[in-house]
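Data first, discussion second: the structure below is written as structure tokens.
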Amino acid sequence: MHLNQITSPKDIKGLTEQELGVLSGEIRETLINTVAERGGHLASNLGVVELTLAIHRVFDMPRDRIIFDVGHQSYVHKLLTGRFEAFQTLRTFGGISGFPKRKESEYDCFETGHASTAISAALGMARARDFLKEDYNVLALVGDGAMTGGMCYEALNDAGSSDTRMIVILNDNEMSIAQNVGALARHLTDMRISRRWRGVKKHVRTGLEKVPVVGKPLYRLIHFTKTALKHMLIGEEFFETLGFHYFGPIDGYNIPAMERTLRQARDYDGPVIIHVLTNKGQGYDRAEEQPEKFHGVAPFYVETGDTKEVSPLPAFGKVMAQELTDMCRTDPRIVAISAAMVSGTGLTGMQQAFPDRVLDVGITEEHAATMAAGMAAGGMKPYFAVYASFFQRAYDQMIHDVCMQQLPVTFLLDRAGLSAHDGETHHGLFDLAELLPVPGMTVLAPRDVSELRLMIRFSENFEKPLAIRYGRDSIEMPVPCKAFVPGKWEVLREGNDAAILAVGSMVREAVTAAELLSEKGIRVRVVNCSSVKPMDEDMLGKIRNMPLVTMEEHVLLGGFGSAVSSWYARKQWTVRMTSFGVEDAFVPHGSRGRLLEYLGLLPEQMAEKIAAFLAGTGKHTCPEEGNKHG
């Protein structure tokens, strides 16, 4: 049986151990070659090949349900569930997603993309099963990194106290516990997973408690000794305290051992934790040596591991970190905070230069925001660097703990706008709508890396809440930004036929659209609205008699265009205005250029619509049949 012949998990149930070994090799080869071509999450998927095979051999999918925490380790699952041919379209526009998608396959029972959610979702699904008196198994596959998120512990606490039948598989690929277990721990594991052992434990307890005087004390002594030994060796005491029966640790590459454990867990009447030990990047030496680098990668050369396309410009995040690092040399108050995304947000260089000034608090965005507030109240100058989509988790803390107290915390929102190939769960399209209504919050969006540098420098002496949003891809416009003043906008191109008010990444697109319009004899003013809040009210007043166009890489409802329109409405001034952005729908995955085209946000598309708008003959309509985005 070869990988290209597998149409469902049923096809692997009868394979021998040797055939499974061959299949594992084919899966790894497919993962490496496909991700090298398309980009994606490699190391995490290489690590769970055998584990995913064992799960699908023991359980009856899709009748049984599996929920992948974060979801970026679901590639093997996709290959085993009839998506081998489609796998070559991974993360491309119209192709399969890098995360579970319910519309993509009946085997994807729940969509994930952010960490620490799977246990809650699995508990909800298990409770739905019980309420409806149905009979199937529910599994949550959770990485040890996701276990830093508080939501996991809320769910564990609830599930353990409810005694609901469900299985949590802890995929442990970093903890040092692997060094603390050996033959004795494996022996204890084998004993614990057997029904006979569970029966012996029950009979020993019942028998000892019947022995007069010494029975109960003797049982307590034995139980205490066993518990202490288990805690020292494998740390199961924590999970059993929460009400889970603990199996493990299990070798994540021993398929027969994993299958035995999974079958016993399947038959256990209550919540179960299975602790599996794996290695990130298993089977590809470069990913094993640098698992963080190969966690999420752009297309690369398999032979060397080098990225195929390297931008000549530093990423926005790296520019931010360079400025913070320089500021650290003279300002001892500055500290950067990361929620398990030091590398992703560009802070690696700063961490190397000032290791004590970069605090990685794990996948805990809520905690990070409130901790930053506490540090600011204590006299520090904290910068919380976080993806715009992950910042959604810290919304209450931003309002209650930072803004209500007017504390000088700076939120650095990376990946604002379209996050391209990671799709719906990672696009940063809602941050302006989150931030603009909050009293006391200043919101900035640089047009390019030169303006970002000025904003970071400005932030050092700004003693109020501040958010700076920027995209993933670097931009350097021909004319560098020489000055930045909050509440003041920059005119990049003169014109009196209309004014384009553009934010952040859309400034470059606005300039190009204006150039295309000039070829039609239409002279359009282009304004860089880098100070989203406060807005330049003086300029808004001066241009109110011109046709206005707003552009933003953000949802229209609650975004910059809405804020401009609302400002004029409060003044009771009537303006002729149209807006470009994302309509009321989630955006799929694909390259940024393809997504801009899909949304009607390419300069050519916008120029055509602006010309029609000015002529009074066109409406701001969608670029594609059935597209409700643009």
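The values are calculated or read from the model by the stated rules, or taken from the named source; none is laboratory data. Here the structure is a predicted model, which means the values were calculated and not measured. We place every Cβ from the backbone using ideal geometry, glycine too, and count neighbours over all the protein chains shown.
Would you call LYS520 outside the structural domain of ALA388 (by TED's automatic domain parsing), over 27 Å from PRO478 (Cα atoms) and surrounded by fewer than 17 Cβ atoms within 10 Å (Cβ to Cβ)? No, not satisfied.
Within region 439-460, the set of residues being out of contact with any Lys or Arg (no Cβ under 9 Å at 6 or more places or on another chain) and either polar (S, T, N, Q) or part of a loop (DSSP other than H, G, I, E, B) (or both) comprises just one member, PRO439.
Residue by residue, here is whether (1) surrounded by fewer than 18 Cβ atoms within 10 Å (Cβ to Cβ); (2) touching a strand residue (DSSP E or B) at 6+ places or on another chain (Cβ under 8 Å); (3) of a type outside the set (Gly, Ala, Ser); (4) part of a loop (DSSP other than H, G, I, E, B) holds:
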{"residue": "ILE337", "(1), (2), (3), (4)": "no, yes, yes, no"}
{"residue": "ALA340", "(1), (2), (3), (4)": "no, yes, no, yes"}
{"residue": "SER343", "(1), (2), (3), (4)": "yes, no, no, yes"}
{"residue": "GLN351", "(1), (2), (3), (4)": "no, yes, yes, no"}
{"residue": "ASP356", "(1), (2), (3), (4)": "yes, no, yes, no"}
{"residue": "GLY362", "(1), (2), (3), (4)": "no, no, no, yes"}
{"residue": "ALA368", "(1), (2), (3), (4)": "no, yes, no, no"}
{"residue": "MET375", "(1), (2), (3), (4)": "no, yes, yes, no"}
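Look at (1) modelled with pLDDT of 95 or more; (2) crowded, with 18+ Cβ neighbours inside 10 Å and you find that GLY590 fails only one, number (1).
Quick one: in region 144-163, of everything that is of a type outside the set (A, V, I, L, M) and surrounded by 19 or more Cβ atoms within 10 Å (Cβ to Cβ), which residue is farthest from VAL70 (Cα to Cα)?
Step one: list which residues in region 144-163 are of a type outside the set (A, V, I, L, M), which gives 144-145, 148-150, 152-154, 157-158, 160-163.
Those still in the list that are surrounded by 19 or more Cβ atoms within 10 Å (Cβ to Cβ) too: 145, 148-149, 152, 160.
Working: GLY145: 10, THR148: 13, GLY149: 12, CYS152: 12, GLY160: 22 Å.
Across region 144-163, the extreme among qualifying residues is GLY160.
For region 45-58, the criterion of being surrounded by fewer than 21 Cβ atoms within 10 Å (Cβ to Cβ), within 19 Å of LYS101 (Cα to Cα) and touching a residue at least 24 places away in the same chain (Cβ under 8 Å) is satisfied by no residue at all. A residue that is on the phi < 0 side of the Ramachandran plot, at pLDDT 85 or above, exposed (fewer than 14 other Cβ atoms within 10 Å of the Cβ) and touching an Asp or Glu at 6+ places or on another chain (Cβ under 8 Å) can be found somewhere in region 248-264.
The residue list ASP326, ASP269 contains one member that is of a type outside the set (A, V, I, L, M, F, W, C) and either within 28 Å of the chain's Cα centre (by Cα) or modelled with pLDDT under 95 (or both), which is ASP269.
The condition (being within 21 Å of LEU501 (Cα to Cα) and touching a Ser or Thr at 6+ places or on another chain (Cβ under 9 Å)) is satisfied by just one residue among PRO408, PRO437, PRO382, PRO446: PRO446. A residue that is surrounded by 24 or more Cβ atoms within 10 Å (Cβ to Cβ) and either among the basic types (Lys, Arg) or assigned to a loop (DSSP other than H, G, I, E, B) (or both) occurs somewhere in region 470-484. Of all the residues in region 309-328, those that are in contact (Cβ under 8 Å) with a residue 60 or more places away in the chain, within 26 Å of SER97 (Cα to Cα) and not in a helix (DSSP H, G or I) number 2. Looking only at residues of region 600-630 that are surrounded by fewer than 20 Cβ atoms within 10 Å (Cβ to Cβ), among the small types (Gly, Ala, Ser) and not in a helix (DSSP H, G or I), we find that the one that is modelled with the highest pLDDT is GLY616. Report, by residue number, each residue of region 1-14 that is over 24 Å from GLN88 (Cβ atoms) and in contact (Cβ under 8 Å) with a residue 12 or more places away in the chain. Answer for region 1-14, where residues must be over 24 Å from GLN88 (Cβ atoms) and in contact (Cβ under 8 Å) with a residue 12 or more places away in the chain: just LYS13. Of everything in region 59-93 that is charged (D, E, K, R) and surrounded by 24 or more Cβ atoms within 10 Å (Cβ to Cβ), the residue that is modelled with the lowest pLDDT is ASP69.
Filtering region 144-160 to residues that are out of contact with any Phe, Trp or Tyr (no Cβ under 9 Å at 6 or more places or on another chain), of a type in the set (Gly, Ala, Ser) and at pLDDT 90 or above leaves only ALA155.
Scanning region 425-458 for residues that are in contact with a Leu (Cβ under 8 Å, 6 or more places away or on another chain) and either over 27 Å from PRO312 (Cα atoms) or of a type in the set (Val, Ile, Thr) (or both) returns ASP431, ALA433, MET441, THR442, VAL443, VAL449, ILE456. Please verify whether region 477-496 includes one or more residues that are free of Cβ contacts under 8 Å to residues at least 40 places away in the same chain and among the polar types (S, T, N, Q). No, region 477-496 contains no residue that is free of Cβ contacts under 8 Å to residues at least 40 places away in the same chain and among the polar types (S, T, N, Q).
For region 488-517, the candidate set comprises residues that are among the β-branched types (Val, Ile, Thr) and outside any loop (DSSP other than H, G, I, E, B); within that set, the residue that is farthest from the chain's Cα centre (by Cα) is VAL491.
Being touching a helix residue (DSSP H, G or I) at 6+ places or on another chain (Cβ under 7 Å), assigned to a loop (DSSP other than H, G, I, E, B) and closer than 24 Å to HIS421 by Cα: is that true of LYS293 here? Don't jump to the end; show me each part of the working.
Numbers: touching a helix residue (DSSP H, G or I) at 6+ places or on another chain (Cβ under 7 Å): no; assigned to a loop (DSSP other than H, G, I, E, B): yes; closer than 24 Å to HIS421 by Cα: yes.
No, not satisfied.
Selection over region 546-599 of residues that are in contact (Cβ under 8 Å) with a residue 12 or more places away in the chain, out of contact with any Lys or Arg (no Cβ under 6 Å at 6 or more places or on another chain) and outside any helix (DSSP H, G or I) gives a count of 26. State which residue is surrounded by the fewest Cβ atoms within 10 Å (Cβ to Cβ) when the search covers only region 265-297 and only residues that are touching a Phe, Trp or Tyr at 6+ places or on another chain (Cβ under 8 Å) and among the hydroxyl-bearing types (Ser, Thr, Tyr). This residue is TYR284. In region 129-136, is there at least one residue being part of a loop (DSSP other than H, G, I, E, B), outside the structural domain of HIS426 (by TED's automatic domain parsing), hydroxyl-bearing (Ser, Thr, Tyr) and surrounded by fewer than 19 Cβ atoms within 10 Å (Cβ to Cβ)? Scanning region 129-136, I find at least one residue that is part of a loop (DSSP other than H, G, I, E, B), outside the structural domain of HIS426 (by TED's automatic domain parsing), hydroxyl-bearing (Ser, Thr, Tyr) and surrounded by fewer than 19 Cβ atoms within 10 Å (Cβ to Cβ), so the answer is yes. Hey, among the residues in region 30-89 that are part of a helix (DSSP H, G or I) and of a type in the set (Asp, Glu), which one's farthest from ASP144 (Cα to Cα)? In this case the residue turns out to be GLU85.
When the residues of region 408-441 are filtered to those that are touching a Gly at 6+ places or on another chain (Cβ under 9 Å) and more than 30 Å from HIS295 (Cα to Cα), the one that is surrounded by the most Cβ atoms within 10 Å (Cβ to Cβ) is LEU436. None of SER116, SER97, SER120 is within 30 Å of LEU599 (Cα to Cα), within 22 Å of the chain's Cα centre (by Cα), buried (at least 19 other Cβ atoms within 10 Å of the Cβ) and not aliphatic (A, V, I, L, M) except SER97.
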